[in-house]
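The values are calculated or read from the model by the stated rules, or taken from the named source; none is laboratory data. Note that this is a predicted model, so its numbers are computed, not measured. Neighbour counts are summed over all protein chains in view; Cβ atoms, including those assigned to glycine, are modelled from backbone coordinates with ideal geometry.
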Amino acid sequence: MRAHCLQHVPFEGLGSIEPWLTAAGYKISCTPLFQSTNLPDLNKVDFLVVMGGPMSVNDERQHPWLAVEKSYIRKAIEAEKSVLGVCLGAQLIACASGSKVYPNPVKEIGWCPIESVPARSQNVFRFPDSVDVFHWHGETFDLPGGAEHLARSSGCENQAFQLGSSVVGMQFHLETTPTAAEALIANCRDEIVPGKYVQSETAMLSTPDSMYQKINRIMDGVLTFLTQIKHVY
């Protein structure tokens, strides 16, 4: 089995996703889109993971590779591959599926709660009723047509969605580890401005390891769902 990662900046990697994939027996490959647009044949990819980044999906003029990436994501969805999008990755899935991506009224940076949305069907991933998760985003999206709305927050209505049985997009970062959070803060410190849903750098850096472990366990559940659901249902 092969998992392929689409990475947009050097400081936003797979985090806790990587050890899970390794333990599950996946061979991991990666396209660092900030350096190359060499994308593997989708016939040789079982699981596509689209990570975050500080750019917007609408920044094709500054980052021409975004158009190539959206097309690749669209083809992966059409081929019914398992696809996971995190933050920018979720926005790219929404955009590739024909939905608009635009600035959210407020930024969410740091630890804020999300709440699950009652499911319309059984064949969906269920987040905890309420849980604090790590955020770093200033944009949001309209839900793609036919998507199941999975989670919301008081600062952002569309926090997570599912398309079909094998595609999940999340605005928040369940993969974040203490090291990953430190890298994000170091590289995007200028975005930490006072706001209702923006934590201070000091608050983020003082978060106990148990908080990261909790969200990493939820990510494990998402990964299990996406990679086994075709065999379960």
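Remarks
- Scanning the stretch 186-215 for residues that are in a helix (DSSP H, G or I) and buried (at least 19 other Cβ atoms within 10 Å of the Cβ) gives Met204, Tyr212, Ile215.
- The stretch 211-233 residues that are modelled with pLDDT of 95 or more, paired with ones that are in a loop (DSSP other than H, G, I, E, B) and of a type in the set (Phe, Trp, Tyr) (beta carbon under 9 Å, 6 or more apart): Ile215/Phe172; Ile218/Phe127; Gly221/Phe125; Gly221/Phe127; Val222/Phe125; Val222/Phe127; Phe225/Phe125; Leu226/Phe125
- Against the criterion of being under 16 Å from His173 (Cβ atoms), part of a strand (DSSP E or B), touching a Ser or Thr at 6+ places or on another chain (Cβ under 8 Å) and among the aliphatic types (A, V, I, L, M), Ile109 does not qualify.
- Enumeration of residues in the stretch 94-118 that are farther than 16 Å from Thr31 by Cβ and among the aliphatic types (A, V, I, L, M): Ala94, Val101, Val106, Ile109, Ile114, Val117
- Answer residue from the stretch 138-185, given it is assigned to a strand (DSSP E or B), in contact (Cβ under 8 Å) with a residue 40 or more places away in the chain and in contact with a Lys or Arg (Cβ under 7 Å, 6 or more places away or on another chain) and is farthest from Ser210 (Cα to Cα) among those: Phe141
- Highlighted here are the strands (runs of 3 or more DSSP E) found entirely within the stretch 1-80 that include at least 1 residues which are of a type in the set (Val, Ile, Thr) and surrounded by fewer than 19 Cβ atoms within 10 Å (Cβ to Cβ): 27-32.
- The listed residue being under 15 Å from the mean Cα position of the chain (by Cα) and closer than 23 Å to Leu163 by Cα, out of Lys44, Lys70, Lys75: Lys70
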